[in-house]
Amino acid sequence: QAQLVESGGGLVQPGGSLRLTCVYFESVFNLGAMDWYRQSPGKQREVVATVTSEGKTDYIDSVRGRFTVSRDNSKKTVYLQMNALKPEDTAVYYCHSNFDDSFGQGTQVTVSS
């Protein structure tokens, strides 16, 4: 399985922004879509955003217009730009590779005043 390493989480006030980064340590990065998932305490892990190898994107309704997912295949990196953050966005965010169904270790995002 590929090794995925996320970073960029932290504590931010409501309305603030964060950018998450996922580095993909595997030679076949260009194959398959990449996702960002999140999981809050007591809730199931849910997919938040997806970017295909061609750069097409999709989002769940609750983040559409606020979050932007992108990828840089030359750097084997996926990004999640999160704007206008809300307390309900608080969760551990995970990067996921569809190619081999692997997840990173996650990065904590906390939105609180």
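Structural remarks
- Answer residue from segment 70-104, given it is touching a Leu at 6+ places or on another chain (Cβ under 8 Å) and in a loop (DSSP other than H, G, I, E, B) and is farthest from Gly8 (Cα to Cα) among those: Phe99
- Tally, over segment 68-102, of residues that are modelled with pLDDT under 95, out of contact with any Gly (no Cβ under 7 Å at 6 or more places or on another chain) and of a type in the set (Phe, Trp, Tyr): 0
- Whichever residue in segment 52-69 is among the aliphatic types (A, V, I, L, M) and not in a strand (DSSP E or B) and, among such residues, is nearest to Ala91 (Cα to Cα): Val63
- Residue match in segment 62-78 (condition: on the phi > 0 side of the Ramachandran plot, in contact with an Asp or Glu (Cβ under 8 Å, 6 or more places away or on another chain), in contact (Cβ under 8 Å) with a residue 12 or more places away in the chain and open to solvent by 60 Å² or more (accessible area, probe 1.4 Å)): yes
- Verdict on Thr21 being out of contact with any Gly (no Cβ under 6 Å at 6 or more places or on another chain), at pLDDT 95 or above, among the hydroxyl-bearing types (Ser, Thr, Tyr) and surrounded by 13 or more Cβ atoms within 10 Å (Cβ to Cβ): no
- Search result, residues across segment 24-51 that are open to solvent by 40 Å² or more (accessible area, probe 1.4 Å) and assigned to a loop (DSSP other than H, G, I, E, B): Glu26, Ser27, Val28, Asn30, Leu31, Pro41, Gly42, Lys43, Gln44, Arg45
- Of everything listed in (1) touching a strand residue (DSSP E or B) at 6+ places or on another chain (Cβ under 9 Å); (2) open to solvent by less than 60 Å² (accessible area, probe 1.4 Å); (3) at negative phi, the single unmet condition for Asp100 is (1).
The values are calculated or read from the model by the stated rules, or taken from the named source; none is laboratory data. Just so it is clear, the model here is predicted, and its values are computed rather than measured. Neighbour counts are summed over all protein chains in view; Cβ atoms, including those assigned to glycine, are modelled from backbone coordinates with ideal geometry. The protein model used for the area step is the full one, side chains on, heavy atoms only, and it has no ligands, DNA or RNA in it. Shrake-Rupley method; radii C 1.70, N 1.55, O 1.52, S 1.80 Å.
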